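Please treat every number below as a calculation from the coordinates, not as lab data. These numbers were taken from a predicted model, which means no experiment stands behind them. Positions of Cβ are backbone-derived with ideal geometry, glycine not excepted, and every protein chain shown enters the neighbour counts.
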Amino acid sequence: MDSRSAAHVLSQIGALVELQGGNRFKARAYESAAKAILGLDTDDLGHLNRSGELEKVSGIGPATLAVVRDLIETGESRYYDQLRQATPEGLLEMLRVPGLGIAKIHIIREGLGIESLEELEEAARDGRLARLQKFGPKTAEKILKGIAFLRETVALSLYPQAAEEARRLLAAVRRHPEIVRAEIAGSLRRRREIVGDVDIVAACRASPAQVAASFTRSPGVRRATTTGESSVRIRYVDGTCFDLHCVLPSDFAVAWWRATGSATHVDDVRAHAATRGLAVAGDSLTNLAGGTIAIDDEDAFFSALGLAFIPPELREGAREVEAAARSAIPSLVELADIRGVLHCHSRYSDGTTGIAELATAAQARGWSYLGISDHSESAFYAGGMKREAVAAQHDEIDAVNAALTGFRVLKGIEADILADGRLDYDEETLDRFDYVIGSIHSRFSMDGTQMTDRVLAALDDPHLTILGHPTGRLLLSREPYALDMDAVIEKAGDRGVALELNADPHRLDLDWRHCPAAKRNGVLIEIGPDAHSPRALDYVEIGVGIARKGWLEAGDVLNTLSAEDVLAHAARRRNR
Ligand code: DGT
Ligand code: CA
Ligand code: CA
Ligand code: ZN
């Protein structure tokens, strides 16, 4: 039994337990065990079981261990089978519809006898759902939208989940004795915020087609198809999709470039090649006479075409080929350029740790400052800080600073932008902070005009240093609110307000597609981890990837400045 298959069963059990109204903690125990088993990343759990290591794995308790042992010994789990018999499969699918929880599913099942997504959709359309107690037309509509959303997004993952999956797949590919080199390609290498499938390119000593085929027989595979000469597409039991492209070492560089995409970028490069009497045929570069040009790496590939190297993040078909032909590819911002962070939450609002711990964690990452930006009073759902708490927080920050050398904690705030565009708190309170992030956390459903007016009004407040997560979107779960982003960018440039590129992988807004416009308007971008724990400080790295996709250079990013310069920037704006 392999990790992936066992983890899949455990997580299904967790969902079934929850669905049957079982104990939440019990359901969560199965979820944690699934994570722990997946992390073991082995094709032979039996070995770990026999050696006694399995029972020592943290995250696995007696009940979950019994299930895993069942799986190892019989390939099946009696408990899982029992649960499945008691619960129609469709209910599990219904649980994944955004906005549908256990309670609602029970009402739907009892009231209408519905046990599948299709039946649910029908009932939402023909009005039966709306007539159920506690439902109504609005809820029915929401559920319809949720179903459509689920259908569209079922195979998509956020960047960090895809990256974690790819890391495991890459390790497995590199263990193959015939493979001399393997690298991640596709949207993941381009650092897209949402990833469809994992693509890996592998250079094989010999017979790439056979090597590719051997992966279709690996454990945990549900379906596999051959695509192209020596490529395979694999779908695993847990829904993970994986494209493996096997090539001979001589084709590796071009194959890697091609599999990295995007499709539009590949087309643009092909068109450019044609103007120079060259062609990309399959995984090789050829001249007019049909002769193959030897290419050792991507650098050589681009220069053979008379192009500057195009970093993978820019390969989106946004005129990067044209820029490369003019040697006008910018020198993109890097993680090492970041000198501090400004969007972090402590226990003063909804963060999980104290200020000193966050400061230490930031210092350990090589940064020289960390700004605390807890929620303001109106954000009651997030434990927003009462006016009276501000003094205590500032005293604590002073004490932490007195104990640190070469590092400074800044006094920021994430103030709610109220419905009329005013910032939370009064002027005197706002004046006490070093800088202010203004964010929208309520009344998301205003129409485009109202919402734009609200944000534009906030930009007029001289206290505002940074507009936080400007679109409010939550990737794969909540649409951005209606907002005229061009108007916001233009005014932010005019007023000298920075825009945030929120580095939380669920947000990643300002969207990279808007970054070039921000840059043209002279708007500085703050890359903010929106950290609620020390670990989340690492989100900055993901944010930097997105900033690179937005063609940003170090000089375009607010927190590549020193603490003093950030403070001066905030003060300048306030005194304007
Ligand atoms: P995604 O997966 O929807 O997040 O987005 P992408 O951009 O990763 O799209 P995908 O996975 O469909 O394709 C990635 C690239 O792989 C695309 O530019 C076409 C390329 N590709 C397709 N088949 C082959 C092949 O057999 N060999 C090589 N080298 N590349 C291939
Ligand atoms: Ca892909
Ligand atoms: Ca693919
Ligand atoms: Zn926020």
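State whether the chain is rounded, prolate or oblate according to the following rule on the C-alpha gyration tensor (a ≥ b ≥ c being the square roots of its eigenvalues): a/c under 1.5 gives rounded; otherwise a/b larger than b/c gives prolate, and the remaining case gives oblate.
oblate
Which FRET efficiency value, to the nearest 0.05, do you get for residue 78 and residue 365 by plugging their Cβ-Cβ distance into 1/(1 + (r/R0)^6) with R0 = 41 Å?
FRET efficiency, residue 78 to residue 365: 0.30.
How far is it, in nm, from the label point at residue 287 to the one at residue 445 when both lie 7 Å from their Cα along the line to the Cβ?
Computed distance between label sites residue 287 and residue 445 equals 6.6 nm.
Quick check on the range 390-473: take the gyration tensor over C-alpha atoms, sort the square-rooted eigenvalues as a ≥ b ≥ c, and tell me if it's rounded (a/c under 1.5), prolate or oblate.
Judged from the Cα gyration tensor, the range 390-473 comes out prolate (a/c at least 1.5, a/b above b/c).
Using a 10 Å cut-off on Cβ atoms, rank the peptides 444-451, 242-249, 517-524 from the highest mean neighbour count down.
242-249, 517-524, 444-451
Rounded to the nearest 500, what is the 222 nm mean residue ellipticity of the chain from helices alone, with -39500 (n - 2.57) per DSSP H run of 4+ residues and division by all residues?
Values: 25 runs with 257 residues, N = 576.
So the helix-based figure for the chain works out to -13000 deg cm²/dmol.
Net charge near residue 132: determine it from the other residues with C-beta under 12 Å of the C-beta of residue 132, scoring Lys and Arg +1 and Asp and Glu -1.
Computed value for this residue: +4.
Using a Förster distance of 35 Å, how high is the FRET efficiency between residue 347 and residue 564, based on the Cβ-Cβ distance and rounded to 0.05?
It comes out at approximately 0.80.
Using 0.36 nm per residue of separation minus the Cα-Cα distance, give me the extension gain between residue 207 and residue 486 in nm, one decimal.
Values: separation 279, 0.36 × 279 = 100.44 nm, distance 5.27 nm.
This chain segment gains 95.2 nm when fully extended.
Test of understanding: what is the full-extension gain from residue 116 to residue 87, defined as 0.36 nm times their sequence separation minus their Cα-Cα distance?
9.3 nm
Separation between the residue 141 and residue 167 pseudo-spin-labels, each 7 Å from Cα along Cα→Cβ, expressed in nm?
For the pair residue 141/residue 167, the computed spacing is 4.3 nm.
Of 514, 493, 467, which is farthest towards the positive pole of the range 438-534's charge dipole, taken about the Cα centre with +1 and -1 on the beta-carbons of Lys, Arg and Asp, Glu respectively?
Ranked along the dipole, the leading option is 514.
Filter the cross-link list 411/519; 35/142; 26/56; 35/56; 104/145; 26/138 down to pairs whose alpha-carbon distance in this structure exceeds 25 Å.
With Cα atoms farther than 25 Å apart: 411/519; 35/142; 26/138.
Can you compute the modelled spin-label distance between residue 153 and residue 513, with each label point 7 Å from Cα toward Cβ, in nm?
About 1.6 nm, to one decimal.
Given axes a ≥ b ≥ c from the Cα gyration tensor, I'd like to know whether the range 476-576 is rounded (a/c under 1.5), prolate (a/b larger than b/c) or oblate.
Oblate.
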